[in-house]
Amino acid sequence: MDILTQFQLRAERQIKLMRALRKSLELTRRVDRTKAIGETDILAFTTLRNELVRLPFFLKYYRDLGISHFLMVDNGSDDGSAEYLADQPDVSLWTTVGSYKRSKFGVDWLNHLQWRYGAGHWNLVVDVDEFLVYPFCDTRPLQALTDCLDTSAIKSFGAMLLDMYPKGPVAAQPYQSGQNPIDIASWFDSGNYVLSRDATYQNLWIQGGVRARKFFAEDPAKAPALNKTPLVRWTRKYAYVSSTHRVLPRGLNKVYDDDGGEKVSGVLLHAKFLDTLVAKSTEELTRRQHYGGSREYQAYSAGLEASPDLWCDWSTQYINWRQLEILGLMSKGHWA
């Protein structure tokens with residue numbers, strides 16, 4: 001890396017940390033249980049709005065994997081989400097009516113919470129519709145993975161976002177609170193992905209899947225990014241840049257081996273395409289708090305009007321992490 005780029009990235013990281021400190025003034029502490037965090041606990045960080053129906057399974061899933069404490073920001077929910085989370089014994093909750101868009105889509109808020117509480121811990125940053133799958137996750141807790149990463153002096157873990165969807169119209173299969181969403185949205189696209197390397201941040205940029213195929217077919221270059229680095233052994237010198245797609249220092253973005261992808265990696269099962277997306281799209285089009293003037297939700301709203309079936313003859317039904325490894329979507333690397 002040339003000296004100028006190195007200087008620019010260091011300056012950008014400092015700006016991100018200063019923004020996070022300033023934007024922390026928008027957060028109101030609702031319930032603070034952070035004194036219960038243990039020295040070796042793995043922490044989860046999440047920003048949400050109006051996700052009450054999803055929260056019971058989301059919390060159960062990650063508790064079962066081994067998350068010890070959830071640090072969550074509720075952005076003006078009016079469906080009871082904040083009240084529900086405040087009652088959970090392993091949740092610390094902050095609330096805000098601040099602009100999601102002007103907080104860099106929640107990145108500033110979570111960067112601050114990670115700076116304050118996450119240093120020295122493995123931090124997992126996920127949305128409530130994202131479910132981490134990693135090698136041996138059916139038999140080994142998340143700490144087994146982080147122990148493996150620590151042993152190998154690896155500080156970050158990459159996971160491709162894999163869009164899941166049902167067979168049949170999205171709105172035809174109602175989701176019930178507490179239900180595993182993958183029981184409904186159990187299908188995915190296994191092969192239509194495009195990869196490129198970001199020269200500045202050194203992250204692998206991935207696009208494709210059902211969103212590119214169905215909602216961005218006319219301009220697939222505008223399809224959402226699917227590369228994420230959701231799990232990092234955090235220090236106060238780190239900062240996310242855009243969601244978990246990019247993180248600084250940029251060395252943390254090198255989560256795949258350049259010569260074949262044998263470094264251990266995972267998948268985030270993305271259960272966005274449930275019947276709840278119809279109402280969510282309508283709300284977000286009104287709020288216009290998402291990236292690109294909520295362009296993504298504009299595509300969803302237009303595409304879902306006719307109750308389409310996202311399934312096609314090339315769709316693959318999810319079985320387990322070993323299937324994803326065989327398909328080349330994740331890797332156990334040298335972890336045995």
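Only the coordinates and a few stated rules stand behind these numbers; no lab work does. Note that the structure is predicted; figures quoted are calculated from it, not measured. Neighbour counts are summed over all protein chains in view; Cβ atoms, including those assigned to glycine, are modelled from backbone coordinates with ideal geometry.
For the reader, a short list of remarks on this structure follows.
- Note on Ala279/Lys35: beta-carbon distance plugged into 1/(1 + (r/R0)^6) with R0 of 41 Å gives a FRET efficiency of 0.65.
- Placing +1 on the Cβ of every Lys and Arg and -1 on the Cβ of every Asp and Glu, with no other charges, gives segment 6-326 a dipole of roughly 1420 debye about its Cα centre.
- With 0.36 nm allotted per residue and the present C-alpha distance subtracted, the Ser196-Gln179 stretch has 2.5 nm of extension available.
- Fewest-first ranking of Ser196, Ser315, Ser186, using other Cβ atoms within 10 Å as the exposure measure: Ser196, Ser315, Ser186
- Couplings 3J(HN,Hα) of segment 106-116, computed from phi: x, 4, 4, 4, 6, 4, 5, 4, 5, 4, 7 Hz, in residue order, whole Hz [Karplus 6.51 cos²θ - 1.76 cosθ + 1.60, θ = phi - 60°; x for Gly and Pro].
- Reachable lysines, given that their alpha-carbon falls under 19 Å from the alpha-carbon of Lys16 and they are not under 8 places away in the same chain: Lys101, Lys104, Lys228, Lys237
- Gly266 long-range amide H proximity, modeled H, under 5 Å: Gly158, Ala159, Met160, Ser331
- Top positive-direction residue, dipole computed over the chain with Cβ charges, set Ala144, Gln317, Asn253: Asn253
- Adding -39500 (n - 2.57) for every DSSP H run of four residues or longer, then dividing by how many residues the chain holds, sets the calculated 222 nm ellipticity at -8000 deg cm²/dmol.
- Stretchable slack from Asp313 to Thr139, in nm (0.36 nm times residue separation minus alpha-carbon distance): 59.4 nm
- In order through segment 312-323: 3J(HN,Hα) via Karplus (6.51 cos²θ - 1.76 cosθ + 1.60), integer Hz, x for Gly, Pro: 9, 5, 9, 5, 10, 8, 5, 10, 6, 5, 5, 4
- Sorted fewest first by neighbouring Cβ atoms within 10 angstrom, Lys167, Lys237, Lys280, Lys228 come out as Lys237, Lys167, Lys280, Lys228.
- Label selected from (i) 34, 22, 18; (ii) 42, 20, 18; (iii) 27, 25, 21, the criterion being semi-axes √(5λ) of the Cα gyration tensor in Å as computed here: (iii)
- Simple rule: put +1 on each Lys or Arg Cβ and -1 on each Asp or Glu Cβ in the chain, find the dipole, and look at Gly66, Trp109, Gln88; the Cα lying farthest toward the positive end is Trp109.
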